[in-house]
Amino acid sequence: MLPAHAPFSETARRLIETALVGLDATQRAWLSGYLAATPVATTTAPLATVKALVLYGTESGNSEKLADRTAKEAKKKGIAATVKNMADVKTADLAKHQNLMVVVSTWGDGEPPDGATAFYKEFMASETKLPDLRFSVCALGDTSYEKFCQTGKDIDAKLESLGAQRVAARVDCDVDYEDAFTDWLHATLSAFAPSASAVLDVPTAVSLTAATSYGLKNPFPAEVLENILLNGKGSAKETVHVELSLAGSALTYEPGDALAVIPFNSDDVVADLLRVAKLKGDEEIDTKVTGKKSLAQALREDLDITGLSRSVLTKLQEAAPNAALGSLLEEGAKDQLKEYIYGREIIDAIQDFAPQGLSAQTLATLLRKLPPRLYSIASSPLAHADEVHLTVAAVRYQSHGRSRKGVASTYLADKAHTGQSVKVYTHANKNFRLPENGDTPIIMVGPGTGIAPFRAFVEHRAELGHKGQSWLFFGDQRYMFDFLYQLEWQEHLKNGTLSRLDVAFSRDQPEKIYVQQRMLEKSRDLYDWLQNGAHFYVCGDASRMANDVHEALITIYQQHGNLTREAAEAELEALKKAKRYQRDVY
């Protein structure tokens, strides 16, 4: 309800909006008049004597959110901070500034965020010295990946090599970034404005104790309304459609946003880990996450008990030294370490390198907080008031002689029964949005569960009566079993709310056919749509599909635009900068 420029922190904004949502028109009018007539105590804000650039690179939106917070807190300390996306700056722009704060995430195999790729490549190749620039870097990442926070590390090192002065040490944040980010922010702002007042987060004058604000620190217990298996009998896949109630939460979302789910670990996975660690589970431990509780409860509710990483192995080596593990962690054994981690989990490492078992507290200290999982929302809030829908593929597989399963996906598939509750909060994704103009054509490529946000897109446009053409490319394994939301798409085609639909079912013929091949088959029309202003969206697997779709686009621009590969790549970069080529990949 409050506009983005309102002078409130995110927490204060949620408190105020939650308080207002329950008021009727008369109550709001009274409150408006009361506040207008109440004298406001004024204080003299510190003069902005320091200027700074807050530069961010984001994939899911976290870095952008933290960059905005950085700027707001900087202004409280008298620092005039300007926030810019890496997609909108050039390396030469850095020389125009004296103070720089960088907040950047890493995704995939140590890669920069999609929108930051051009800046990153240009900056890492730059030889322009920056002796007058003071800087500090906050890197976001995930310790379950080998190249944890690599983009932030690279930018930090490059700034130093160009002669810039580091005023506060780089901080590398895991998925649970709040404490580390706050420490970095305080240290950095104190370095830029050491004589200013302490950093404030929530205005102390705001006291709305009656209101409840739901978010990362306080997820909403959403009731499960429906849990439906989408695949037909005989399918090799298990995809569920989950409908959750947001009634009473004041949580809002837009098409393109994600829902964060706080899962629990499966009881059988907890039991297996306890057995291998030679523990009973009734031992009391103290965790930084939730304080003292039984080990079994902490393993089920609070801790990541599966994700194996260098960080976990390093802690295990410190707790229970093992010669073989020590060799694996040596600097020259990165390939061997990567090979060992692939397909294994924490239980394997304990079995292999600590066969004598561990103490309860030692086991707990190996483990990070169980991170929330983000799922692309598969519904429009206009079509499903007070509800949010998800499309989830349950992950189950065999590896190294042991059955494995995805933590959150099987939690939703197996435990999110009708009437149960799931802890959730909404997560904005400003980098995946419908065009503001409803007449703008859109092209959507979403194989498998990548279909989720496009169900939301088409529903939303239908509810608004928008007339822009829409074209969907969908793919999965088999037409008979895996055509997700088939009846809905056919209804949208009939009603004209979906203009075109092209499908690729890879296992229905001897040769495998994927969505990128359908794109190439329709390349002339696809190119014409883009030339006429269409926005292009991709959602789904980042490791292969998204790259294959990108390559298909390059080929289409080369063929029909009569362009070299370099020129075609430049055209796609221009589409990204114009927000006409957007990806939600994982």
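Values computed for the structure shown
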item: Identity of the residue in the range 517-551, more than 26 Å from ASP439 (Cα to Cα) and part of a helix (DSSP H, G or I), that ends up nearest to the chain's Cα centre (by Cα); result: ALA546
item: Residue ID - nearest to CYS149 (Cα to Cα), chosen from residues in the range 192-222 that are crowded, with 16+ Cβ neighbours inside 10 Å and at pLDDT 60 or above; result: PHE192
item: Selection within the range 132-173 - in contact with a Ser or Thr (Cβ under 6 Å, 6 or more places away or on another chain) and among the β-branched types (Val, Ile, Thr); result: THR143, THR151, VAL167
item: Which numbered condition LYS577 misses (of (1) over 21 Å from ASP476 (Cβ atoms); (2) touching a strand residue (DSSP E or B) at 6+ places or on another chain (Cβ under 8 Å)); result: (2)
item: ARG461 vs. criteria over 21 Å from ASN265 (Cα atoms) and free of Cβ contacts under 8 Å to residues at least 60 places away in the same chain; result: yes
item: Neighbours by Cβ (under 9 Å, 6+ apart or cross-chain): first from the range 382-405, more than 18 Å from CYS539 (Cα to Cα); second modelled with pLDDT under 95 and of a type outside the set (Gly, Ala, Ser); result: SER399/TYR342
item: Conditions (1) in contact with a Gly (Cβ under 9 Å, 6 or more places away or on another chain); (2) buried (at least 20 other Cβ atoms within 10 Å of the Cβ): number failed by LEU159; result: (1)
item: Any hit, the range 90-98, residues being within 20 Å of VAL171 (Cβ to Cβ) and crowded, with 16+ Cβ neighbours inside 10 Å; result: no
item: Scope the range 346-376; condition in contact with a Lys or Arg (Cβ under 7 Å, 6 or more places away or on another chain) and not in a helix (DSSP H, G or I); matching residues; result: GLY357
item: Residues of the range 502-516 classified as exposed (fewer than 15 other Cβ atoms within 10 Å of the Cβ) and in a strand (DSSP E or B), total; result: 0
item: Within the range 382-499, helices (runs of 4 or more DSSP H) holding 3 or more residues that are among the aliphatic types (A, V, I, L, M), modelled with pLDDT of 95 or more and buried (at least 22 other Cβ atoms within 10 Å of the Cβ); result: 452-464
item: Wholly within the range 237-301, strands (runs of 3 or more DSSP E) carrying at least 3 residues that are surrounded by fewer than 16 Cβ atoms within 10 Å (Cβ to Cβ) and of a type outside the set (Val, Ile, Thr); result: 291-294
item: Residue within the range 112-130 that is under 23 Å from PHE432 (Cβ atoms) and free of Cβ contacts under 8 Å to residues at least 12 places away in the same chain present; result: yes
item: Criterion: at pLDDT 95 or above and out of contact with any Lys or Arg (no Cβ under 9 Å at 6 or more places or on another chain) - qualifying residue of MET101, MET124; result: MET101
item: LYS75, sole failed condition from (1) modelled with pLDDT under 95; (2) within 30 Å of ASN547 (Cα to Cα); (3) part of a helix (DSSP H, G or I); result: (2)
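The values are calculated or read from the model by the stated rules, or taken from the named source; none is laboratory data. As the structure is a prediction and not an experimental result, all values here were calculated from the model. We place every Cβ from the backbone using ideal geometry, glycine too, and count neighbours over all the protein chains shown.
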